[in-house]
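Visitor: Pasting a structure below so you can have a look.
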Amino acid sequence: MIRFENVTKRYPNGALAVEGLSFEVSEGELVTLVGPSGCGKTTTLKMVNRLVEPTSGSIFVDGRDISTVEPVDLRLRIGYVIQQAGLFPHRTVLDNTATVPHLLGWPKAKRRERARELLDLVGLDPSVFGGRYPDQLSGGQRQRVGVARALAADPPVLLMDEPFGAVDPVVRERLQTEFLRLHSTLGKTVLFVTHDIEEAVRLGGRMAVFGEGRVEQLDSPAQILGAP
Ligand code: ADP
Ligand code: ADP
């Protein structure tokens, strides 16, 4: 579903973020990108929706070389969740959730219905939370809205960049568990960046262990960490 072929990214300031990256993620698979900060995880993620362009090499999503796909088309087909959820502060939870349907021109009634359905899916009662603004939510609730928004147009691929990194450990664990349940129902292909090895183990997919701009290992947590 997602394939990196010998991908290198050097930023204009000369920083070599990733070098010779080659790996593949199957349809419906959840792969965590783990490793210390500065080793290229976010850069790798952002190249999948063309927020960052590789210096060399190719990336394929669903068999298509993404350099031939308009960035906006790609982003409408790929859900993206970041650490502070990145919600629009002056839009309600319902409107935030319906961002992509709005951009796709869905009629208002249809996008509202979809937004309510998604809020339900992530455990937020739309009649309670739909009309609120992001600053009227807890950090965990904001991240739920971020996930709902990313799922709005039913994208086959989800990119998650430390989505639960900014919430307290108890809430984080609950969000991880709920996200796993969601993943097993929806079957999206997920790239999940975290610097927290425990989170990667809990999520349980293959781990791509980054070191200095390279994937050093790509295997199950049990293989990498040693089976208990
Ligand atoms: P990680 O997500 O693992 O923390 P990043 O992909 O953010 O790593 O960064 C990898 C390397 O690329 C780091 O050395 C970082 O300083 C550098 N880098 C990231 N973004 C930029 C940028 N926009 N311009 C220049 N260098 C960058
Ligand atoms: P319309 O019914 O004309 O589409 P709305 O009454 O739904 O507009 O919204 C008013 C304004 O807010 C519009 O100009 C639209 O651009 C913007 N807007 C509405 N919903 C969303 C959304 N989910 N995401 C982003 N912008 C939105």
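Visitor: Out of Leu51, Leu74, report the one residue that is more than 16 Å from ligand 2 (Cβ to nearest atom) and more than 21 Å from Phe210 (Cβ to Cβ).
Guide: So the residue among Leu51, Leu74 that is more than 16 Å from ligand 2 (Cβ to nearest atom) and more than 21 Å from Phe210 (Cβ to Cβ) is Leu74.
Visitor: Here's another thing I want to ask about it. Looking at segment 36-51, is at least one residue more than 16 Å from ligand 1 (Cβ to nearest atom) and free of Cβ contacts under 8 Å to residues at least 12 places away in the same chain?
Guide: no
Visitor: A further question follows. Being charged (D, E, K, R), closer than 20 Å to Gly187 by Cβ and either in contact with a Gly (Cβ under 9 Å, 6 or more places away or on another chain) or modelled with pLDDT under 95 (or both) is the filter here, so list the residues in segment 6-37 that pass it.
Guide: Residues satisfying the conditions are Glu27, Glu29.
Residues checked against (1) part of a strand (DSSP E or B); (2) over 18 Å from the mean Cα position of the chain (by Cα):
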| position | (1), (2) |
| --- | --- |
| Glu117 | no, yes |
| Arg149 | no, no |
| Leu159 | yes, no |
| Phe164 | no, no |
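Visitor: If we keep just the residues of segment 191-202 that are surrounded by fewer than 23 Cβ atoms within 10 Å (Cβ to Cβ) and of a type in the set (A, V, I, L, M), which is nearest to ligand 1 (Cβ to nearest atom)?
Guide: Filtering segment 191-202 for residues surrounded by fewer than 23 Cβ atoms within 10 Å (Cβ to Cβ) gives 195-199, 201-202.
Keeping just the survivors that are of a type in the set (A, V, I, L, M) gives 197, 201.
On the way: Ile197: 14, Val201: 18 Å.
Once the filter is applied, the top-ranked residue is Ile197.
Visitor: Could you list, in sequence order, the residues of segment 15-59 that are surrounded by fewer than 16 Cβ atoms within 10 Å (Cβ to Cβ) and within 19 Å of Arg75 (Cα to Cα)?
Guide: Glu27, Gly28, Leu51, Glu53, Ser58
Visitor: Might you let me know whether segment 166-184 holds any residue that is of a type in the set (Gly, Ala, Ser), under 17 Å from the mean Cα position of the chain (by Cα), away from ligand 1 (no atom under 16 Å from the Cβ) and surrounded by fewer than 16 Cβ atoms within 10 Å (Cβ to Cβ)?
Guide: yes
Visitor: Going by what's in this entry, would Thr8 be described as within 23 Å of Arg206 (Cβ to Cβ), not in a strand (DSSP E or B) and not charged (D, E, K, R)? Even if it seems obvious, please write down each step before you answer.
Guide: On the way: within 23 Å of Arg206 (Cβ to Cβ): yes; not in a strand (DSSP E or B): no; not charged (D, E, K, R): yes.
Considered against the rule, which asks whether it is within 23 Å of Arg206 (Cβ to Cβ), not in a strand (DSSP E or B) and not charged (D, E, K, R), Thr8 comes out as no.
Visitor: Could you list, in sequence order, the residues of segment 52-62 that are of a type in the set (Val, Ile, Thr) and in contact (Cβ under 8 Å) with a residue 60 or more places away in the chain?
Guide: Once the filter is applied, which keeps residues that are of a type in the set (Val, Ile, Thr) and in contact (Cβ under 8 Å) with a residue 60 or more places away in the chain, segment 52-62 yields only Val61.
Visitor: Can you name the residue in segment 59-81 that is assigned to a helix (DSSP H, G or I), among the aliphatic types (A, V, I, L, M) and farther than 12 Å from Ile2 by Cα and, of all such residues, is modelled with the lowest pLDDT? Before you say what the answer is, go through the steps one by one.
Guide: So the first thing to find is which residues in segment 59-81 are assigned to a helix (DSSP H, G or I), and the list is 66-68, 71-77.
Cutting the leftovers down to among the aliphatic types (A, V, I, L, M) gives us 66, 72, 74, 76.
Those left that are additionally farther than 12 Å from Ile2 by Cα: 72, 74, 76.
On the way: Val72: 91, Leu74: 92, Leu76: 88.
Among those residues, the one meeting the criterion is Leu76.
Visitor: OK, next. Can you tell me which residue in segment 1-14 is surrounded by the fewest Cβ atoms within 10 Å (Cβ to Cβ), limited to those that are farther than 16 Å from Gly63 by Cα and charged (D, E, K, R)?
Guide: Arg10
The values are calculated or read from the model by the stated rules, or taken from the named source; none is laboratory data. Remember, it's a predicted structure, so these values are computed and weren't measured experimentally. As a convention, Cβ positions derive from the backbone with ideal geometry for all residues, glycine included, and neighbour counts pool all protein chains shown.
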